[in-house]
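The structure under discussion appears below in the form of structure tokens.
What follows draws every value from the coordinates through simple rules; no lab data is involved. Bear in mind the structure is a predicted one, so any value in this text is a computation, not a measurement. Glycine gets a Cβ as well: all are built from the backbone with ideal geometry, and neighbour counts include every protein chain shown.
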Amino acid sequence: MTTKESFYDDKKDIRTYHFPMTKCKKCPVQSKCTKAREGRRTVGISPVNAELREAEVYNRTEEFKEYMRLRPAIEGKLSELKRYHGLKRARYRGLRKMGLQCYFTATAVNIKRWIRVMLEQTKPKIPKGAAA
């Protein structure tokens, strides 16, 4: 169904399209299409609509899928920084001081990782057939 009836809202910067009640009332899927009291479909389209459509197309590409495979690796580390190292809340006021808090916390976590790797490398290797 198409419509030509539209209004522009200056405050919200949205063009709103109203579908005619005469056609909406007769439509067999009206109850699935709208919950509006007046019984007709209203659609608002903002200037960001074009960007949203581009993003939807990009999200279907192989490049995006490759990028998303990298994401889980960092998510765990960010969770650790937030949960166990105080990055849930700023300790000091100001962006510069908050930035320093982030750098120092990330450095501490990286040192922990480095020590863990070094300990694994220095651990004696036990042959597979040896009894423990």
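Annotations for the structure displayed:
- Applying both filters, DSSP loop and at most 12 other Cβ atoms within 10 Å, to the trypsin sites (Lys or Arg not before Pro) of the range 26-132 gives Lys35, Arg37, Arg60, Lys88, Arg89, Arg91, Arg93, Lys125, Lys128.
- Built amide H within the under 5 Å cut-off of Ile14, gap 5+: Asp9
- Under DSSP loop assignment and at most 13 Cβ neighbours within 10 Å, longest GluC sites (Glu not before Pro)-free interval of the chain: 39-132
- Additional length obtainable on full extension of the chain from Arg93 to Arg15, 0.36 nm per residue less Cα span: 24.0 nm
- Using a Förster distance of 35 Å, the FRET efficiency for Val43-Tyr103 (Cβ separation, nearest 0.05): 0.15
- J(HN,Hα) series, the range 83-89, from Karplus relation 6.51 cos²θ - 1.76 cosθ + 1.60, nearest Hz, glycine and proline x: 6, 10, 10, x, 8, 6, 9
- 3J(HN,Hα) along the range 108-113, derived from phi through the Karplus expression 6.51 cos²θ - 1.76 cosθ + 1.60 where θ = phi - 60°, amounts to 4, 5, 5, 5, 4, 5 Hz, with x in place of Gly and Pro.
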